[in-house]
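The values are calculated or read from the model by the stated rules, or taken from the named source; none is laboratory data. What you see is a predicted model, and the numbers here were worked out from it, not measured in a lab. Glycine also receives a Cβ, built like all others from the backbone with ideal geometry; neighbour counts cover every protein chain displayed.
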Amino acid sequence: MAEQILSRPASAAPPGTGRFALRTIVVLYVGIIAVVPVSVLFWRALKPGLGKFFDAITAPAAIDAFERTGVIAVWAVVLNTVFGVAVALLLSRYRFPGRRILDAFVDLPVAISPIVVGMALVLVYGAGGWFGLGVNQVIGAMPGMVLATVFVSLPLVLRSVLPVLEEAGIEQEQAAASLGAKWFATFRRITLPTIRTALGYGVVLALARSIGEFGAVLVVSNNFQSTQTAPLLVDSLLQDDFKPDQAYAIAFVLMLVSILAIVTTALLRRRKQATS
């Protein structure tokens, strides 16, 4: 007993003290970085009154920007869902030369600036580029904006689905194939139910990322009034038109969509953990 008492560290803190200190630090950090700026944005958006707030978000330019943002986001999510699942199946089910390079290349949008992405797309698809079809057909138009948004949100669906496919293995799919099931029937009845929750999680993340994209879309759209998305309109109202109240109101709507996406992903994550 005496040896145990002597060997106990003199400065040992009670078990709960470390957790309390760590929790306090984390809460303060998150509050300063995220909660306080978001709260101030909400306050500034609603400060002029609900009437002016609704006038700002229902102005013709705002409605046009919201619609354009929605169209671009939907196209980007659809494309990244289809090809994200396809690439995830390829990486999880097959071994081929260059597989690791492809796996690493998918994460490229996370590693480079969206501004650089936009510049690269201009060099490739702009007038005089390798696949240039004219400035009014790709760059400075909806197709270029969709391409830029697809690029920056590329890994989200793939990285949500790939670990689930790798964990599930191929035994059930091989059994279905041995019984004569076609590939589409196997995908619909076995693969899709397996990845359903993870796929929903990735789709929501991709949607939130696509709605909020600014840098790449700014470059490829040339920031014309006819090509402004909601984030671009917020920047224009702040920098060019000096209408901060309208900018705050539109940013408030974008923030609400992001919060809804966060809540949805949290629910999907909980459901995934409950079913795993």
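Is there a residue being modelled with pLDDT under 80, over 30 Å from Ala127 (Cβ atoms) and crowded, with 17+ Cβ neighbours inside 10 Å anywhere in segment 246-266? Yes, because at least one residue in segment 246-266 is modelled with pLDDT under 80, over 30 Å from Ala127 (Cβ atoms) and crowded, with 17+ Cβ neighbours inside 10 Å. Residues in segment 87-99 that are among the hydrophobic types (A, V, I, L, M, F, W, C) and exposed (fewer than 12 other Cβ atoms within 10 Å of the Cβ): Phe96 alone.
Among the helices (runs of 4 or more DSSP H) confined to segment 31-142, the ones with at least 1 residues that are among the small types (Gly, Ala, Ser) and at pLDDT 90 or above are located at 50-57, 60-93. Condition check: within 17 Å of Val106 (Cα to Cα) and out of contact with any Pro (no Cβ under 7 Å at 6 or more places or on another chain). Does Ala148 satisfy that? Spelling it out, Ala148 is indeed within 17 Å of Val106 (Cα to Cα) and out of contact with any Pro (no Cβ under 7 Å at 6 or more places or on another chain). Considering only segment 166-184, state which residues are surrounded by 14 or more Cβ atoms within 10 Å (Cβ to Cβ) and either part of a helix (DSSP H, G or I) or in contact with a His (Cβ under 7 Å, 6 or more places away or on another chain) (or both). The answer is Ala168, Gln172, Glu173, Ala176, Ala177.
The residues listed here are Ser92, Ser153, Ser113, Ser160; of these, the one that is within 23 Å of Leu205 (Cβ to Cβ), in contact with a Phe, Trp or Tyr (Cβ under 9 Å, 6 or more places away or on another chain) and assigned by TED's automatic domain parsing to the domain that holds Asn222 is Ser160.
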